[in-house]
Structure formats: C-alpha cells, structure tokens
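What follows is calculated from the coordinates using simple rules that are stated; it is not laboratory data. Keep in mind that this is a model prediction, so the values were computed, not measured. With ideal geometry, Cβ positions are generated from the backbone for all residues, glycine too; neighbour counts draw on all protein chains shown.
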Amino acid sequence: MLRGLLSSVQIALGAYGVGLLIGIGGAYGKLYGGPIVRDLLEVYTTIVRAVPELVLILILYFAGTDLINRVLEALGYARIDINGLVAGIWVLAVVQGAYSTEVLRGAILSIPQGQIEAARAYGMAPMLMLRRITLPAMLPFAIPGLANLWLIATKDTALLAIVGFNELTQETRTAAGQTKAYFTFFVAAGVLYLLLTLVSNRIIARIERWSRRGMPAVSGSAR
Amino acid sequence: MKKFLATTAAAIGLFAAALGSAQAEQVKIGFSPEAYPPFWSQEASGEWSGWEVEIINAICAAEKLDCVLTPIPWDGLIPALTTKKIDAIMNSMSITDERQKEIDFSDKYYNTPTAVIGPKDQTFDATPEGLKGKILGVQVSTVHAAYAKKHFGGSASEIKEYQTQDEANQDLVAGRIDATQADSIALDAFLKSDQGKACCDLKGYVAPDLEVLGPGVGAGVRKGDTELAGKINAAIKGIRANGKYAEITKKYFDFDIYGDETQSN
Amino acid sequence: MSIPITSLAEFAARSAWLQPHRILLMAVAAALVISAALFMRWDWLPNYYGLALQGIWRTIWILVVTCVLGIMLAVPLGLAQAAGPWWLAMPANAFCTVIRGTPLLLQLWLLYYGLGSLFPQFPWIRQSELWPYLRQAWPYAVLSLTISFAAYEGEVMRGAFAGVPRGQLEAARAYGMRPFTIFRRIWLPQALHRALPTLAGETVLQLKCTPLVATITVVDIYAVASRVRQDTFIVYEPLLLLALIYLIISGVIIFLFRKMEARIPVRLG
C-alpha cells in the first residue's frame, strides 16, 4: 500500500506540474492570444470541465496513447512504449490543465494592470516579464485556487484504478480482495489519503504565507 | 478515415515488422490485475504468481520470447490488444465466436466446466428453473455473463455484472446476490477459502453450450498475427509433450485441467 | 436583448458570436462531427437505445436526489461551522475535512464492499426490514454521493452564512424577530443567494462524480456505455457519445441555474 501511495503521489506531482505548465500557457493564450487560440482554449476548458474525469481518462488513456503512436509511426519513428505512469500523468495533466488555466487567468487579471504596463514600458522581453513580473505578482491570488487543484489532483489519481493503474486505491482493492478484509483496507487507505491532504494543507499554508510576504494582511482571503 | 488509418497502419505495421524482426522482440502479455486464484494471485511484494503465470513463463521460455506481464483492466484487454498496447492476452480468456470477430486465438491451454455456487442455506440447481427469481452475479464481459444472459436471463430476477469475480464472490458472502456463475476451478478455490467454506457451496454445473462457452481458454493475439499464435501453439504442444505442463499443474490441481484432448480449436 | 433585430446581417455584425474566425471554426467542428457520423461505427445504437435512455434517466435521478439531500444536509453543516457552538462546529468541520480529504471512489467502495464484508458477522441484518434496500446497490450510491456533496456544500454554505452582512441580522433582531424567523426569512435566503453561483459549478462537479457508481453495479449511462464497449469491442464511439451526453447535461444544469439566479431579484437600496 505504501508503494501505491508513492505512485499516487508521483502521478499527482507529475500531473500537477504538467497541468500548471498547460495552465500558464492556456491562461496566456486566453488573455493575449488571437481569436482562434482563444476560442479553441475555451472549447478545451469547457469540455474538460463538463465531462466526467473518468470518461476523459478512458478516452485519453486508450485513444491518446494510440494516437501518439500512430503519429509517430506515420512519421516513420518506432512506436514508443508509453508506460502506465507516463500515461496516467499526462491524462490527469490534461484535466488539471483546464482547471489551472481558469485559475491562473483569474489570477493574472487580478494583478494591478499598471504593473504589467510598466514592465512593458521598460521594454522587458515577454518571457522575462512573465518570469519576473507576472508570475510572482499573481502568485498570491492564484494560490488558494491552485491549492484546491492540488488536492483534487491527489484524489483524482484514485480514478486511475479504473484503468488498472497500480496506485493507492487499486493496490488497496487487490490487497482487500486477497485478504477479504475489505473494511480494514479501505479505511486504512482513507487514512493515508487524509494524511496526504492534511500534510499538503500545512505546506500550502506556508507557501501562501511566503508568497504574501510584504503584502498587507488580508483576513479571510480564501473565499 | 477509418480505411485510411487502417491502410496506413497496415503499411506501417509491415515496415515495423521488417525492422522489428532484427532485434529480440518484447512480447507484452496483457492480464487483468486482480486475484483469480489459483490462476492469478499477488504476493505481498507485488509479484504475480499462480498456475497461469507459470504456464506463461513456461510458454515464453519454450519459444525464447522476452515476455513482459502488462496489467490492463479486464474490459480493456481486447481494445488494448487491437491498439497494440499489448501483444497477447493470457488471462483465462475463453475462446468464443464473439471474440474471434475481433482477435485471433491460439489453441486452448485449459478447459474446465462452468459452475454455479450459492449460499448453503438455499437449495437450487444450475438450471433456468433452479435460478428462478434469484439474483445472479457474474463478471462483466465474460463467457459466463453471456451464458447467464442467454440461459438465465428469462428466469433470474436480476443479473448483476461485477468488475471482478472477486467482488461478485464478496457480494455473495454479503448476501446481496443469491448465486454466482463462473469457472468451476476459480469458484472451487473460493469455496475452499475460510470465507467460502462458511457461506456457500456448489449448486451444480451449467448445461454445456459450446457456442457461448467456447472450446476452452486460449491466448488472444491480434488478428493476422499468425507468427505469435504459431509460436504459442508450438510452445503449448511442447510443454504438454515434455511434461512441463503436468509438472506445473500438479502443484495446483489433483487432475489435468487441459480437458478433452481431441477437442482443440 | 430588448433591441429588435431587423436583419440577419445586422445581427451577425452586432453579435459577438458570428465573427469570421468563429464561422471557420464552426465549419471545422461541423466537418469533424459529420466525418465522425459517417466514418465511425454507429450501427450498435439502435440495439442499445432503450438501455441508454434508462441509463440517462438513472444518472439524472441520482444527480437530483443526491443534490437535494446533500443541500439539506449542507445547510445545518454550514450553519454549525459558521455560527454553532464549538461542540457542533468541531464535528461538522471534522466531517467536511475527512470527506473532502479522501477520494469519492474510495468512500463508495468502503461503503459498498467494506460494509458488505461485515454483513455475514451480523446475521440479523438479513432478517431486518432494511435488508431489501441493503442488498441493492443504489442506496449505497445515493448515500455516498449525498455525503460527499453535503461535505463540499457544507464548506460553501459556511462561507455563505458568514458572508451575510451582520447589520441585516442585527436589524432583524432589533425588529424583535424570533431567532428561527430570522434564520428562515433573512439568513437562509441571503446565504442561498450568495451560494447560488458556486452551487451551479458544484452541481456540475457532482454530475461528473456520478459515473463512479457504475463500479458498484448501478447501471447508469456510463455503465451502459461500458457494456456497449464490452459487447461490441468498439472502443471510441460509445465514449465519445458518452462525453457528448455529459456535455449536454452540464449545459442544461448551467442553464437552469442561470434561470434560477435571474428569478431572484437583486435590489440595491
């Protein structure tokens, strides 16, 4: 089960990281992109937010890896073997990406726009501006939403049990089936997930304090 | 679009085959990661063991195939095979006409009768009349599910489909279903467990129906992959002949589960 | 909205929807849909038509029942956390944390298989009057989805209750309203109104949770789609149709909530 927990955390971390990258790109595209980019991103976020993760996971898990291999083969490369971990990460990342696009878009919008205009007036290159101004300035606004997403990511890994991936829930299921102690094992897994959440909450609180350094104290900021 | 994809896939397949034959190829054997004793059970270390695992190893060793066990959920096995995620299915999958429309099979490597079990305090037998008004549990997309729907669908009050046979057994113990139909050996293993001993016993074997239940269990391979099927067939013959099959079987069963010698696919 | 539209061209010019690139995108989308309809396999549809309708009905039924029950639980949960004494606030808070901290799939399996594995130890359960319900799967599905919805909404309602301006409640008290009347006439309606936009999103999230019940043998639309996949070995088509069905249901949910929000008059003093 600890092995399962480890791979759950691994997927959650990976999916969250890749999802964040998608989110940054998506938020930028939605705010500054051309009309077509904007519309396509809108379609992406709408679909992902309306269709159950379970269905998306099934579609992406079977269709996605198949598609990549077909493209690779069409280009004359050998098939790559996409192992469960990578497939799991990228499937969840696509789902996470849609949500973090929305969170980050909102966060960027809540930066005082004068800051960005000032950076532009100084002639900063776009990438430098992203790194030095936009990202740090939006962080305090984005963290509550992103924290929520992280908690969702850890719990969404459970859904990979349906596609037979050996994460915590699936390991629990096999172990429970083996020993017939269903109740005990499911409770134990629940405790593990809960611990993961509580530990995450602690870390998030620290990060939030760090990102808000130098800002006036706001009480009850999260919702 | 489909046709285009199919032709490109075929062309690429040829190309890949030409490339691939040069090197030692990995054969990915798909199986569903769930306990199905005595064919499949998982050790605490995460390794899989059981009769079928040993047979797979013996077959691969006989043909010098570099086999890798790849976990895929049961209902995703055939799609995974057709989309080339895996190269073969060896997971107690019965050879049926319905499945043969999508994939090819090797010869059978075991064949056992199908049984129905139920709680000790109820007496009925494995006939449509016996199961009248009962709730019957089966594992989804198995020959047993197909058989139950065809023969007991009219008389049983409900046929419930479970993701794994183990969960069906679990619900039989919990009393949510009155009977479950599955492979007799798998059920026998369950009846011998502490839990099974306490609750349930064998109600009987179902009437044969070759069309639905098929001639036995074989290895599934992609349509047209005669090379792999041929190798597996040769290996099955080989281990039957050299005593390896009997040696493995003896560890788990007190009889030969290969079934009727003449009835081959 | 109130300006009459005189011609289609004018409408197109004014509407943000019909810009040239949009028309292009729509054409691409239409081409995709048509090619999907033409080149993919849909011959299984007639065979499963009835089953699919039943599945959709069951999905919607579970969604509505669990949302309504969940909200009814969430109101006291939120109130306990926002204004209750500590011996009410603490358990309510703990409940929300535990449920929100564990995956729903695990909760569902714990309730169904976990509790199920305990039944044989208590033979009297099978004699009890509840047994006909306990042996079916849907009560567990409804129970666990309700609990999960209540926990998430409990948090939302906590914020909503806390967000109602204190002055309103003080004014009501000054008028001599009894506490329960204040709650019913002032506090709850205002909190619900505040929570409504969030609730729309949460209801869509709840819809996205419903396919999990298929893993405990409840035949919802997701289970029907997987049955099609298993019977016919067609991989993508049922899944794509399934995604479309969920898209439509979410669209309907969002539409209904918009209507509801529009019905509540927002009056500024």
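Miscellaneous remarks
- Cα gyration tensor, the stretch C:28-160 - rounded (a/c under 1.5), prolate or oblate: oblate
- Hydrodynamic radius of chain B per Kirkwood, over alpha carbon pairs, in Å: 19.5
- Using the alpha-carbon positions of the stretch C:61-132, Rg (one decimal) and Dmax (whole number) come out as 16.0, 43 Å.
- Residue by residue along C:118-124, Cβ atoms of other protein chains within 10 Å of the local Cβ number 2 on average.
- Alpha-carbon Debye profile of the stretch B:114-212, log10 I(q)/I(0) at 0.15, 0.24 Å⁻¹: -0.48, -1.36
- Calculated mean residue ellipticity at 222 nm for the protein assembly as shown: -20000 deg cm²/dmol, from DSSP H runs with n ≥ 4 weighted as -39500 (n - 2.57), summed, divided by the residue count and rounded to 500.
- Three-way shape label, chain A, alpha-carbon gyration tensor, a/c 1.5: oblate
- Theoretical gain in end-to-end length, residue C:57 to residue C:170 [0.36 nm per residue, Cα-Cα removed]: 36.1 nm
- Point-to-point label distance, residue A:199-residue C:127, nm (Cα→Cβ direction, 7 Å offset): 4.8
- Most mobile listed residue (C:225, C:195, C:174) in chain C, GNM with C-alpha springs under 10 Å: C:174
- Inter-chain shielding of A:188-200 (mean C-beta neighbours from other protein chains, 10 Å cut-off): 3
- Full-stretch length increase - residue A:47, residue A:210 - with 0.36 nm per residue and alpha-carbon distance subtracted: 55.2 nm
- Packing, taken as the mean count of other beta carbons within 10 Å per residue, orders the peptides A:59-66, C:230-237 from highest to lowest as A:59-66, C:230-237.
- Additional length obtainable on full extension of the chain from residue B:26 to residue B:98, 0.36 nm per residue less Cα span: 23.1 nm
- DSSP bridge orientation in the protein assembly as shown - percent antiparallel, rounded to nearest 5: 55
- The stretch C:15-85: trypsin sites (Lys or Arg not before Pro) falling in loop per DSSP and having at most 16 other Cβ within 10 Å: C:41
- Structural size metrics of the stretch C:44-263, computed from C-alpha coordinates, are Rg and Dmax of 20.7, 69 Å.
- Per-peptide average of other Cβ atoms within 10 Å, ordering B:167-177, C:142-152 highest first: B:167-177, C:142-152
- Per residue of peptide C:227-237, the mean number of Cβ atoms on other chains within 10 Å of the residue Cβ is 6.
- A Gaussian network model of chain C, with springs between Cα atoms under 10 Å, assigns the largest mean-square fluctuation among C:155, C:202, C:129 to C:129.
- Computed P(r) (all Cα pairs; the protein assembly as shown; 10 Å bins; percent): 2, 12, 21, 24, 19, 12, 6, 3, 1, 0
- In this structure, residue A:77 and residue B:158 have a Cβ-Cβ separation that, at R0 = 30 Å, corresponds to a calculated FRET efficiency of about 0.05.
- The stretch A:115-155: chymotrypsin sites (Phe, Trp or Tyr not before Pro) in DSSP coil with no more than 14 other Cβ atoms inside 10 Å: A:122
- Estimated FRET transfer efficiency (residue B:241, residue B:49; beta-carbon r; R0 30 Å; 0.05): 0.75
- Using a Förster distance of 56 Å, the FRET efficiency for residue A:130-residue B:198 (Cβ separation, nearest 0.05): 0.30
- The peptide list A:176-188, A:104-116, put in order of mean Cβ contacts within 10 Å with the highest first, becomes A:176-188, A:104-116.
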